[in-house]
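Shown next, in structure tokens, is the structure this report addresses.
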Amino acid sequence: MRAVVARAAGGPEVLESVDLPDPEPGPGRLLVRVEAAGINFIDTYRRAGVYPMEYPHVVGVEGAGVVVDVGAEVRGFAAGDRVAWHDAAGSYAELALVPAAGAVRVPDALDLETAAALPLQGMTAHYLVASTFEVGPGHDVLLHAGAGGVGLLATQLATARGGRVVTTVSSPEKAALSREAGAAHTIDYAAMDDLTAELPAAVRRLTDGAGVHVVYDGVGRATFDASLDSLRPRGTLVLFGGASGQVPPFDPQRLNTGGSLYLTRPTLAHYTATRSEIEWRAGEVLGLAADGDLDVRVGAAYPLAEAAAAHTALEGRATTGKVLLLP
């Protein structure tokens, strides 16, 4: 099979398309022919060495495809089933070994490319607005990178729950996409000379001086200070990623002076710790997409051999919606 490996820790140039032996499913594993693999920032963190990894390794954790074979002890899946997954190492490949415990069935009404765009970012958007800070009617929400994969999905989910969503974007084109997803207001932070000062001021103008109840921040270093200063007293900053770099250590006293603020650094693994939780989150987002109630934007799809170009585009903020690899 063809697969994409990271030869060593580094930039996109360390990615290489190679031939590897076809894998065989061990106990509890599904052997799946990958129809599409999702590209996510966690892939870039692992490729770059931000998260400790062994090298070389086959990149990718998310995808959708058709079961070819099942290993021992697998129950509930058989060859021919259409499945999607969010946590199967080695998904940038023509064949992937997927833990049955983390696989979910794809509704018949949903195509596999769209399904591949949903498990990781869709369930991330779901846990953010339904669990980490449960958005409800009357909540003002600030969401960074509103035209990204998580941003577009979280905007729709938060709006459907009654929240008023303000997003940050980096271009008029991305602002239009964000508004189509339901954002009440968009803020072009690329036009700001001093993000830390200007963004909170813009947010407070939109909230009658109060600030927002919650900030969902997947950008990290570049937006962290502005995020804290955009909150109302007892507001919550949900730092769920570091696309611009990891946030350096800071003094917790800032949470006090900011108004008894809350800060959490969640990760999807802790919100999909049980089979029932995976089925709940994936079932809701895949079901909404299959019913036409959740718009899933695939902004770009690259051939497997062009994974390096896909990573370059993602890290350069040159993408909108979801980015896929097609084996």
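Restricting the calculation to Cα atoms, the chain yields a radius of gyration followed by a Dmax of 19.7, 61 Å.
Taking the inverse of the mean 1/r over every pair of distinct Cα atoms in region 126-173 gives a Kirkwood hydrodynamic radius of 10.6 Å.
Only helices enter the 222 nm calculation for the chain: every DSSP H run of n ≥ 4 contributes -39,500 (n - 2.57), and dividing by all residues gives -8000 deg cm²/dmol, rounded to 500.
So, R0 is 35 Å and r is the distance between the beta-carbons of F77 and S170; what FRET efficiency does that work out to, to 0.05? List each step's numbers first, then the result.
Details: r = 41 Å, r/R0 = 1.18.
For F77 and S170, the calculated efficiency is 0.25.
Residue order by solvent-accessible surface for Y216, Y271, Y55 is Y55, Y271, Y216, largest first, with ligands and nucleic acids left out and a 1.4 Å probe. Take each peptide in 218-227, 261-270, count the other Cβ atoms within 10 Å of every residue, and average; sorted highest first, the result is 218-227, 261-270. When the P(r) is computed for region 54-163, the part past 24 Å accounts for 37% of the Cα-Cα pairs.
Report Rg(Cα)/(2.2 N^0.38 Å) for region 172-244, keeping two decimals. Mind showing how you got there, number by number?
On the way: Rg = 12.0 Å, N = 73, 2.2 N^0.38 = 11.2 Å.
Compactness ratio reported: 1.07.
For Y189, neighbours were defined as the other residues whose beta-carbon sits under 14 Å from its Cβ, and their charges (Lys and Arg +1, Asp and Glu -1) total -4.
The order of the peptides 144-152, 122-130, 28-36 by mean Cβ neighbours within 10 Å, most packed first, is 144-152, 122-130, 28-36. Given in Å, the Rg to one decimal and the Dmax to the nearest whole number for the Cα atoms of region 82-125 are 10.2, 27.
Using alpha carbon centroids, what distance separates region 289-306 and region 1-73, in Å? One Cα centre to the other: 19 Å. Its Cα centre serving as origin, region 122-232 has a Cβ charge dipole (Lys and Arg +1, Asp and Glu -1) of approximately 300 debye. Stokes-Einstein, applied to the Kirkwood radius of region 225-289 over Cα pairs at a viscosity of 1.306 mPa s and 10 °C, places its translational diffusion at 112 µm² s⁻¹.
Using all alpha carbons of region 96-211, what is the percent of pairwise distances in each 10 Å bin, ordered from the shortest bin to the longest? Going out from 0 Å in 10 Å bins, region 96-211 shows 13, 38, 31, 12, 5, 0 percent.
Relative to the Cα centre, the charge distribution of the chain, modelled as +1 at Lys and Arg Cβ and -1 at Asp and Glu Cβ, gives a dipole magnitude of about 700 debye.
Label reach from E279 (point 7 Å along Cα→C-beta): in region 52-74, amide nitrogens under 19 Å belong to 73-74.
One equal scatterer on each Cα of region 205-327, no solvent, Debye formula: the resulting log10 I(q)/I(0) at q = 0.12, 0.13, 0.19 Å⁻¹ is -0.68, -0.78, -1.18. The order of F250, F133 by accessible area, most exposed first and with a 1.4 Å probe, is F250, F133.
Could you compute the net charge surrounding G60? Neighbours are other residues with a C-beta less than 11 Å from the C-beta of G60; K and R count +1, D and E count -1. Mind showing how you got there, number by number?
Numbers: positive: R46, R47; negative: D43, E62, D87.
Every neighbour counted, the sum reads -1.
Among 167-173, 80-86, the peptide with the highest mean count of other Cβ atoms within 10 Å heads the list, and the full ranking is 80-86, 167-173.
With both residues required to sit in the chain, DSSP beta bridges show an antiparallel share near 55%. A full extension of the chain between A269 and A109 corresponds to an added length of 54.8 nm, given 0.36 nm per residue minus the alpha carbon distance.
Taking only the C-alpha atoms of region 139-281, the Rg (one decimal) and the largest Cα-Cα distance, Dmax (whole number), read 14.8, 46 Å. Against the empirical 2.2 N^0.38 Å (N residues), region 43-90 has a Cα radius of gyration ratio of 1.44.
The values are calculated or read from the model by the stated rules, or taken from the named source; none is laboratory data. Because the structure is a prediction, the values reported are computed rather than measured. Counting neighbours? That spans all protein chains shown, and the Cβs are built from the backbone with ideal geometry, glycine included. Areas reflect the complete protein model, heavy atoms only, side chains present, ligands, DNA and RNA absent. Shrake-Rupley method; radii C 1.70, N 1.55, O 1.52, S 1.80 Å.
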